[in-house]
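The structure appears below as structure tokens.
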Amino acid sequence: DYLKVCWIQSQCDNVTILLYYSNGTLAKTLVSQQYCEGNYTQMLKVAGVPRGVYMLKILIGGQIWSYKVLLQ
């Protein structure tokens, strides 16, 4: 019931990681805090979220990445 997310920070910035249902509704905020320079690996708890297809949105500073995620 965990989702592993890895990223590299080149400077201190706010990091927000959001999990959305396939219909675009927010399912869960997984991370919302500031991180500074370094390599990060987080095991994010997704227990209680129904199995299915989701979109994972990662916001670091002004940059945004989106990934399709299948929770089994």
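The values are calculated or read from the model by the stated rules, or taken from the named source; none is laboratory data. The model shown is predicted, which means the values in this text are computed figures rather than measured ones. Counting neighbours? That spans all protein chains shown, and the Cβs are built from the backbone with ideal geometry, glycine included. Just the protein is used for accessible areas: all its heavy atoms, side chains included, with ligands, DNA and RNA removed. Shrake-Rupley method; radii C 1.70, N 1.55, O 1.52, S 1.80 Å.
Here is how the numbers come out for the structure above:
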{"quantity": "The range 12-33: number of residues that are hydroxyl-bearing (Ser, Thr, Tyr), in a strand (DSSP E or B) and more than 12 Å from the chain's Cα centre (by Cα)", "calculated": "1"}
{"quantity": "Residue match in the range 4-14 (condition: out of contact with any helix residue (DSSP H, G or I) (no Cβ under 8 Å at 6 or more places or on another chain) and without any contact (Cβ under 8 Å) to a residue 24 or more places away in the chain)", "calculated": "no"}
{"quantity": "The range 49-67, residues that are open to solvent by 80 Å² or more (accessible area, probe 1.4 Å) and not in a strand (DSSP E or B)", "calculated": "Arg51, Gly62"}
{"quantity": "Residues located in the range 1-24, provided they are under 16 Å from Lys68 (Cβ atoms) and open to solvent by 70 Å² or more (accessible area, probe 1.4 Å)", "calculated": "Lys4, Tyr21, Ser22, Asn23"}
{"quantity": "In the range 34-47, the residues that are closer than 23 Å to Leu71 by Cβ, assigned to a strand (DSSP E or B) and either open to solvent by less than 60 Å² (accessible area, probe 1.4 Å) or not aliphatic (A, V, I, L, M) (or both)", "calculated": "Tyr40, Thr41, Gln42, Leu44, Lys45"}
{"quantity": "Matching residues, the range 42-69, being within 11 Å of the chain's Cα centre (by Cα), closer than 23 Å to Asp1 by Cβ and among the β-branched types (Val, Ile, Thr)", "calculated": "Val46, Ile58, Val69"}
